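The values are calculated or read from the model by the stated rules, or taken from the named source; none is laboratory data. Everything quoted here is computed from the prediction, not taken from an experiment. Because the Cβ atoms are built from the backbone with ideal geometry, glycine has one as well, and the counts that use them run over all protein chains shown. Please note that ligands, DNA and RNA were not included when accessible areas were found on the heavy atoms of the full protein model with its side chains. Shrake-Rupley method; radii C 1.70, N 1.55, O 1.52, S 1.80 Å.
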Amino acid sequence: MMGYTPFRFARILWRHLTNFERLLIFALFVVVVVTTIRLGTAWYNRGFTIVPLKGGVLTEGIVGKPELINPVFARSDVDKTLSSIIFAGLVTYNASQEIVPALAERWEVSGDGRDYTFYLRQGITWHDGVPFTAEDVIYTIAVVQNPDYHEALAREWEGVQVSKTDDYTVHFRLTSSFPLFLHNLTLGIIPRHIWVDVPVKDFTRSMRNLNPIGLGPYMFENFSRDKAGIITSVQLAANERF
């Protein structure tokens, strides 16, 4: 008499099971497989640290076209988005929406809340290699305080006096205490050496707004136009010195 093999026995047993019993066995099989995979993955990852690869390309779509890639004059969402990553301010917000240092490494506030002293990071260069100094900060504020500047930012800087102690120390004096003043300093700093020879009233007509030089994490590389001359895309590269 021929004995039963495990496979033949399993087939006979399967025929005698009810549909409910078959479904239950299948569910248990799935649970065992999933658990085994998860335990195996966890065991495998115990000896490894997963880190992101450097490099790659990120493509983001935004409605509109760039016209003024300049934090002092940016009006559209496109211009504001590009300005926020090409330029940088003295301070910025972290993931918890707290003010943290950016171009400034630290700052001090007087007891009456009217004097702010910022100590700038040294060794920072603009995307074109020119050193960043206090002169760039003073120049940026001078632009938004210029009588020919008519953007909304002008109101935030009325009555604020700015001066430098040295190339890496900037002092702001307010007419009265303003607890939200640090937010104003998220304004992207623009390069004096690029704009100093352009009258403020002519800023918006300058092609320099479409070839921005900043201090932020991304550098402008190029842009593409369609047959009608409309800019359809802007190419940026990571700023390795950021």
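When nucleic acids and ligands are ignored and a 1.4 Å probe is applied, V57 ends up with an accessible area of around 140 Å². When the trypsin sites (Lys or Arg not before Pro) in the stretch 151-242 are filtered for DSSP coil states and for at most 11 other beta-carbon atoms within 10 Å of their beta-carbon, the remaining sites are K227. Counting only whole DSSP H helices of the chain, the ones at least 20 Å long by C-alpha along their axis and with mean Kyte-Doolittle hydropathy no lower than 0.0 are 19-45.
Annotation: per residue accessible area for the chain equals 66 Å², rounded to a whole number [probe 1.4 Å, protein chains only]. Our helix-only sum for the chain, with -39,500 (n - 2.57) per DSSP H run of n ≥ 4 divided by its residues, gives a mean residue ellipticity at 222 nm of -8500 deg cm²/dmol.
The GluC sites (Glu not before Pro) of the stretch 65-155 that meet both conditions, a loop assignment by DSSP and at most 11 other Cβ atoms within 10 Å of the site Cβ, are E98. Using heavy atoms of the protein chains and a probe of 1.4 Å, the accessible area assigned to F29 is about 130 Å².
The Cβ shell under 12 Å around Y116 holds other residues with a net charge of 0, Lys and Arg each +1, Asp and Glu each -1.
For a straight C-alpha distance cut-off of 14 angstrom, the aspartates and glutamates reachable from K54 (same-chain residues fewer than eight places away being disregarded) are E240.
Put simply, the amide H of F242, placed in the peptide plane, has no neighbours under 5 Å, leaving out anything fewer than 5 places away on its chain. For the stretch 54-109, trypsin sites (Lys or Arg not before Pro) meeting the loop criterion (DSSP other than H, G, I, E, B) and having at most 13 other Cβ atoms within 10 Å: K54, R75.
Distances between placed amide hydrogens fall under 5 Å for I190 paired with T140, all partners being 5 or more residues away or on another chain. Between the amide H of L120 and those of E105, T169, V170, distances stay under 5 Å, these residues lying 5 or more places away or on another chain, with hydrogens modeled in the peptide plane. Across the accessible surface of the chain, with the other protein chains kept in place and a 1.4 Å probe, carbon and sulfur atoms take up 59 percent. At the listed q of 0.08 Å⁻¹, the Debye profile of the chain, built from one uniform point per Cα, gives log10 I(q)/I(0) equal to -0.48.
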